[in-house]
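The block underneath contains the structure these notes are about, expressed in structure tokens.
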Amino acid sequence: MTILLWILVFLGTFAAMEGMAWFTHKYIMHGLLWKLHKDHHHKDHSHWWERNDLFFIFYALVSIGFFLLWRYEDVWIGLPIGLGILAYGITYFTVHDIFIHQRFKMFRNANNFSKKWDVIGANPTGQGNVPGNGTGSDGSVSDYLWIRLNADGCVEFIGTSLFWNNFCIVFSEYGKRLLGVNDSFLRKVAKVQPAGEFEYIMSVTLLLNGSLRYDMFDANLNVLLLTALGYDILDRTVKITGDYPLFQNLDHRYFVSVETDLLVSQAIKVVDGKQTIDRSIAKIFFPTNCKVLLQSEDGVLREDIDFEITSLIGQHAFVKKTQPSRQWTALQTSYDLRFYRFHLYVTYRYFKTPENKWVFTRMKYPMPKENSWDLALEFISKV
């Protein structure tokens with residue numbers, strides 16, 4: 001019975017450490033103690049020791065403390081708790097630091113780019129049409145690509161020389177429009193299947209004069225050899241930024257409208273080049289509020305940026321009673337107004353292929369029987 005209780009405490013401690021690791025990483029490592037954790041993401045030195053390892057030492061001291069309680073104070077529960085913390089630390093270090101981040105030389109014979117080339121450098125002499133850049137040495141870890149949002153909400157593609165000398169990014173028409181990537185950074189290439197469609201390739205090539213060319217092909221769509229005349233191996237990090245905020249295209253819902261069969265003054269509207277009759281008496285647009293939280297450290301802005309956007313999911317009051325909204329529509333006649341019928345529509349904007357353009361579509365809101373919506377009408381006379 002005692003052994004079973006020890007095993008349960010051990011397993012409970014091991015499981016609790018997962019929650020503790022999540023909390024520490026989210027609120028401590030990326031919060032108050034970011035200075036210690038930063039070199040785990042962006043290494044600013046060549047030593048095998050990281051400031052981030054102090055977190056391992058802290059939990060090791062906690063584990064040792066429980067062992068000492070068991071050994072010298074006869075607190076039996078100290079042993080299974082200490083072993084649980086120790087076992088979790090060994091498991092986390094093995095999986096996260098050895099297998100994923102490849103900090104040490106063990107398990108590095110896998111024949112793939114991320115585990116092998118990450119250590120020795122991406123083929124310093126080059127091979128075929130895939131040149132290397134000569135960076136990296138045994139025991140080092142190279143960075144490749146970051147994709148993040150800047151303070152304006154625009155997408156940034158930040159590739160190191162190791163990335164741009166060996167890889168490219170391929171976008172569909174919809175992808176480049178959604179992310180706001182400018183055509184000047186892309187090469188338009190026809191797809192084999194389906195015929196008539198295109199894809200867009202983002203790449204960076206260094207010219208001998210030091211300027212950048214955002215292309216990796218010659219006139220015949222052959223991949224450029226960086227050893228060819230006029231080109232050189234890229235030796236710098238290059239950042240490409242989108243033209244407009246990502247958030248403006250994430251929510252394709254545009255506005256909610258109320259339409260009626262009453263004899264109201266009709267307006268003519270043109271949508272996507274087509275003329276139709278607008279019978280709406282009220283329109284409420286979906287808000288696209290976004291808050292940006294910037295943090296500084298010793299007077300210098302940190303790279304991590306927090307965004308807070310409004311997501312309208314579930315029940316939502318578009319117009320609150322404390323903030324009444326009135327939209328007036330003239331009736332053609334006030335005679336015999338006995339039956340009112342109103343319809344709720346949602347207008348969406350979506351990307352249509354193969355036309356490759358944003359278009360609007362209107363859909364009647366599918367209102368379940370158990371749900372409801374409110375509309376207040378007020379009739380006034382011009383006389």
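The values are calculated or read from the model by the stated rules, or taken from the named source; none is laboratory data. This one's a predicted model, so the numbers in the text were calculated from it and none came from an experiment. Positions of Cβ are backbone-derived with ideal geometry, glycine not excepted, and every protein chain shown enters the neighbour counts.
Data for the structure
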read-out: From the options V319, V258, residue that is modelled with pLDDT of 70 or more and surrounded by 14 or more Cβ atoms within 10 Å (Cβ to Cβ); value: V258
read-out: Filter result (free of Cβ contacts under 8 Å to residues at least 24 places away in the same chain and within 16 Å of W164 (Cβ to Cβ)) within region 203-223; value: G210, S211, R213
read-out: Filter pass, I28 being at pLDDT 75 or above and under 24 Å from the mean Cα position of the chain (by Cα); value: yes
read-out: Region 340-359, residues that are in contact with a Ser or Thr (Cβ under 6 Å, 6 or more places away or on another chain) and among the hydrophobic types (A, V, I, L, M, F, W, C); value: F342
read-out: Residue match in region 64-80 (condition: within 30 Å of L301 (Cβ to Cβ) and either of a type outside the set (S, T, N, Q) or not assigned by TED's automatic domain parsing to the domain that holds E297 (or both)); value: no
read-out: Yes/no for D251 being of a type in the set (D, E) and either farther than 30 Å from K269 by Cα or modelled with pLDDT of 90 or more (or both); value: no
read-out: Any pair with Cβ under 7 angstrom, 6 or more apart, that starts in region 1-19 at a residue that is farther than 14 Å from G78 by Cα and ends at one that is surrounded by 11 or more Cβ atoms within 10 Å (Cβ to Cβ) and at pLDDT 90 or above; value: M17/G84; M17/I85; M17/Y88
read-out: Residue, farthest from the chain's Cα centre (by Cα), within region 203-213, restricted to residues that are buried (at least 18 other Cβ atoms within 10 Å of the Cβ) and closer than 18 Å to N182 by Cα; value: T205
read-out: Residue count for region 357-383, restricted to those that are in a loop (DSSP other than H, G, I, E, B) and either surrounded by 14 or more Cβ atoms within 10 Å (Cβ to Cβ) or over 36 Å from the mean Cα position of the chain (by Cα) (or both); value: 11
read-out: Residue within region 155-162 that is surrounded by 13 or more Cβ atoms within 10 Å (Cβ to Cβ), under 29 Å from N289 (Cα atoms) and acidic (D, E) present; value: yes
read-out: Some residue of region 274-281 being of a type in the set (G, A, S) and at pLDDT 80 or above; value: yes
read-out: Hey, L61 farther than 19 Å from M29 by Cβ, assigned to a helix (DSSP H, G or I) and more than 36 Å from the chain's Cα centre (by Cα) or not; value: no
read-out: Test: A376 is closer than 26 Å to D251 by Cα and modelled with pLDDT of 75 or more; value: no
read-out: Residue list for region 214-228, restricted to those being of a type in the set (V, I, T) and within 31 Å of the chain's Cα centre (by Cα); value: V223
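Here is a yes/no grid of residues against (1) in a strand (DSSP E or B); (2) among the acidic types (D, E); (3) surrounded by 13 or more Cβ atoms within 10 Å (Cβ to Cβ):
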{"site": "F167", "(1), (2), (3)": "no, no, yes"}
{"site": "R177", "(1), (2), (3)": "no, no, yes"}
{"site": "Q193", "(1), (2), (3)": "no, no, no"}
{"site": "I201", "(1), (2), (3)": "yes, no, yes"}
{"site": "L225", "(1), (2), (3)": "no, no, yes"}
{"site": "L234", "(1), (2), (3)": "no, no, yes"}
{"site": "P245", "(1), (2), (3)": "no, no, yes"}
{"site": "K269", "(1), (2), (3)": "yes, no, no"}
